[in-house]
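Here the structure is laid out as structure tokens; the discussion comes afterwards.
The values are calculated or read from the model by the stated rules, or taken from the named source; none is laboratory data. All figures in this text were calculated on a predicted structure; none of them were measured in a lab. Cβ coordinates were reconstructed from backbone atoms using ideal geometry, including for glycine residues, and neighbour counts include every protein chain displayed. The protein model used for the area step is the full one, side chains on, heavy atoms only, and it has no ligands, DNA or RNA in it. Shrake-Rupley method; radii C 1.70, N 1.55, O 1.52, S 1.80 Å.
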Amino acid sequence: MREEHVRPWTSPEWGLAILVATVVTGLVAALAAGAGTARQWVATAFLAAGAVAVLAYVAAAYLPARHSLRRAERAGRLATVWERELVAGLVELQAGDLVRAPEQVRNLPDRLAGAFSGATRSLGGLIQQIQASSTDVAAAGNAVHATASELASGSSEQAAAVVQITATMEELARTAAQIAGNAASQAELAAHAQQTGDIGVAAVEEALAGVEEVQKRISAIASRADTLGTRSKEIYRVLDLITEIAQETHILSLNAAIEAAAAGEHGRRFGVVADEVRRLAQRSQESVDSVRNLLEEFASSIRATVVATEEGGKEASRVLERARAAASAIEELRSALADTARTAKETSLATEQQRTASDQVVLTLKEVSQVIQRMAEGLKHFSGTAERLNQLALSIQLLTQSFRIDAARSLKHLCERCAAELGGRAGQWETAEMQLAEFVTRHPFVEIAFLTDARGVMAAFAVNREWTGGRAVSHVTVGMNLQDRPWFQTVVREGRPILTPLYDSILTGDRCFSVAAPVRAPGGELVGVLGFDVNARSWTKI
Amino acid sequence: MSVEELLVFEHGGTSWGVARAEVRGFGAAGGGVAVTLRHGRVRADRVVGMLPAPVVARPGRVLRRFWPVHARGLAVVGGRVVVVIDPLAPPPGLAPEIEGGADA
Amino acid sequence: MTTASGEGGIRCLLVRAGEYRCAVPLNQVRRVVASLATHPLPNAAPELLGLAEFGGEPLPVLELARLVGAPEGAASPHPVTVVAWAGPPRERELVGLAADQALSIVEVPVGSLAGGQAGLVSGEALVDGAPVRVLNLEHLGAA
């Protein structure tokens, strides 16, 4: 509590002096006023009252005032101590050390200390929440980035597919156009063929009519030939009859000659007659033979004619059959051609429609392609935004990491604890490398952990092989001097854990930041600096 | 002249005859007729009937030269030429069995 | 041989049997008829065609072409049966000779027969420049 300038007329001594002065003045005034009982009574009364007033003042004001003054002096001294501690705590708070800050105010009154600690805890809780939220945001950003990348990749694939489909549809449209052209040509040909078929049918029908007429005539000829044949048969029958008669006459003549021979001389004339009869029969037979020959020739001609007629008739029938078959085939062909023409026309129309549809599809695909392109650009932008979001989350994380809080996620606190362990074994740093190796194994976000002595000379380090891929690390060696590094100088100067800004890692080439803390011996002297590099890509694993 | 009655039957495409007095009965025989005679049996494809045969001439020399088969004679019965058999010695193939009859 | 002869010749019935022309003396011929239907006899010689009916009498019919050993000739449209007397004069009997065709009545000059035999064919002569086998049916019944 600061010393306040006390106004002299407000102190209890001055009050008492004033009161006494007033009483004395009153008394003197009373005395001066003359003798008498009234004066004396007045003076006595005034004196008594004055005495009472003085006593009352002393009791009620002077003594309490002096007590209060002493108390105020005591409080002022206490306030000074409290102020000093509060300032110390606030300084730690200002430095971001929410672990040490409450320690600085432990001598404060409970309520004040409690309020400070409570505020510190609340702030620490807020920082943890912010850290967690930033991690969530980063995770969300990563997820969004991944999704956007996937979508972008998918969009690329879609765009490629759309290009391919477009090309295919254009090819299809070209093919459809070609088919339409072919169909149109086919329809034309079919129509032409149909016309030709009509002509063919007419010709065949004419031929059919002609063949039928020929057939009729052949039938008529055959009929006449049959009639002639019948007549010939009748003639043959007559000839056979005549032959029979001639033969019988011949035999009769022979028998007559036989009888004549048997009759001897008496039968001689009869024998002559028999001979004449036999000759007559012979001539008849010869005539019959001659007629038969002629008839045979005639019959042969008739037969030949009949055969020719029959064959002609058969041929005519075959021709008729073939002509009918041809007519039927032409009719079928005509019908098929009509169907073909119709189908070709329908095909032409359909392919025309298909081409139109294909063109529309191509247009639509082009629009789709543009949409996909815009979407890809949007996704790229989105991915960039997600990346920026990630960066923002990292920035927030780094901001929160600038505070040291008593939490597993506080890198400064982690470094401080590890440094405290090492500090407890100051001078026995043979196992420091093993400890550092264990440290990097437990914390996969750490690229390298290192320990220097108080002069900045590297005493031990451990590299996380997950980050180096087993490569040999040649630029970091035990014994190398790091005293000129800013982080070393800051730690030594401020004596508290620090967090560097982001920089490019020599080990991995990625963005990283370093955390370092002083290593103190149990006596409090600085014996070294412990630090580790955190790969920014894995900060969400903190 | 007494007109002899013959049982005329056909066998093997030839018309045969046997004196009615020789005939004792008829029976079925494998699709044909078995004619039972006084002294045996003859096989017939078909029995024409009992027909009168006015003339039964003995086979001449020429016929015997070209057909040396024993027969009683030849007759023209009902417009057909019939070979009249000797029931005691029918031509081969006509009567394979000879049995003793009631008048044997 | 008793012949029905003309002026220095034997009048014969000329027939065709197979490829041969055969002459049957007229005095041995009873009748010429159209080919008679014959009924075959079982186990008969191949020359015997069978029995025919002629004038109410049974008539054995022989194939003349086989009898004279003639090669088979063209089929005849008018085959005949020559009803003739066969056998010695006192024991002659009617037989039928189946021939392919009855040609004519010819006169075979006496003394023109060549190759005289005691069998059915008494000899061969030329009639109208073609050979003719003259038959003698008196020996037909002989064994």
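Key figures for this structure:
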| read-out | value |
| --- | --- |
| Rounded accessible area of A:R355 (nearest 10 Å², 1.4 Å probe) | 80 Å² |
| For q = 0.20 Å⁻¹, Debye-computed log10 I/I(0) when each Cα of region A:317-381 counts as one equal scatterer | -0.83 |
| Cα-based Rg and Dmax for region C:69-115, where Dmax is the largest Cα-Cα distance (Å) | 13.9, 37 |
| Reciprocal mean inverse distance between Cα atoms of region A:393-542 - Kirkwood radius, Å | 15.2 Å |
| Binned Cα-Cα distances of chain C, short to long, each 10 Å bin given as a whole percent | 12, 46, 34, 7, 0 |
| Area accessible to solvent at A:S301, 1.4 Å probe radius, in Å² | 70 Å² |
| Calculated [θ] (222 nm, deg cm²/dmol) that DSSP helices of n ≥ 4 give over chain A, each run adding -39,500 (n - 2.57) | -27500 deg cm²/dmol |
| Sequence of A:T227, A:T508 when ordered by accessible area, the most exposed leading, probe 1.4 angstrom | A:T227, A:T508 |
| Sites matching trypsin sites (Lys or Arg not before Pro) across region A:437-542 that sit in DSSP coil, with at most 15 neighbouring C-beta atoms within 10 Å | A:R455, A:R471 |
| Placed amide H near A:S505: partners under 5 Å, 5+ positions off or other chain | A:D510, A:R511, A:C512 |
| Principal semi-axes in Å for region A:35-99 [√(5λ), Cα gyration tensor, largest first] | 57, 7, 6 |
| For region C:10-66, the spread of Cα positions along each principal axis, largest first, Å | 37, 27, 16 |
| Which of A:H266, C:H78, A:H475, B:H70 is most accessible, then next, and so on - probe 1.4 Å | A:H266, B:H70, A:H475, C:H78 |
| Accessible surface of A:R318 - all protein chains present, 1.4 Å probe, nearest 10 Å² | 110 Å² |
| Alpha-carbon centroids, region A:330-358 and region A:57-97: separation in whole Å | 111 Å |
| Interchain or long-range residues, amide H under 5 Å from B:V77's placed H | B:V82 |
| Cleavage-rule hits, GluC sites (Glu not before Pro), region C:40-143, DSSP coil, Cβ neighbours within 10 Å at most 13 | C:E72 |
| Estimated D of region A:214-295 in µm² per second, where Rh is the Kirkwood radius over Cα pairs and Stokes-Einstein applies at 25 °C, 0.890 mPa s | 165 µm²/s |
| Cα-based Lys proximity count in the protein assembly as shown, under 25 Å, for pairs eight or more positions apart or on separate chains | 5 |
| Range of Cα positions in region A:334-433 per principal axis (Å), largest first | 113, 28, 18 |
| Region A:111-172: radius of gyration over Cα atoms, expressed as a fraction of 2.2 N^0.38 Å | 2.42 |
| Chain A: DSSP helices with Cα axial extent of at least 24 Å and average Kyte-Doolittle hydropathy no lower than 0.5 | A:12-32, A:37-57 |
| Cα-based radius of gyration of region A:130-211 once divided by 2.2 N^0.38 Å, which approximates compact folds | 2.84 |
| Compactness of region A:66-166 as Cα Rg over 2.2 N^0.38 Å, two decimals | 2.21 |
| Cubic angstrom per residue, convex hull over Cα atoms of the protein assembly as shown | 643 Å³ |
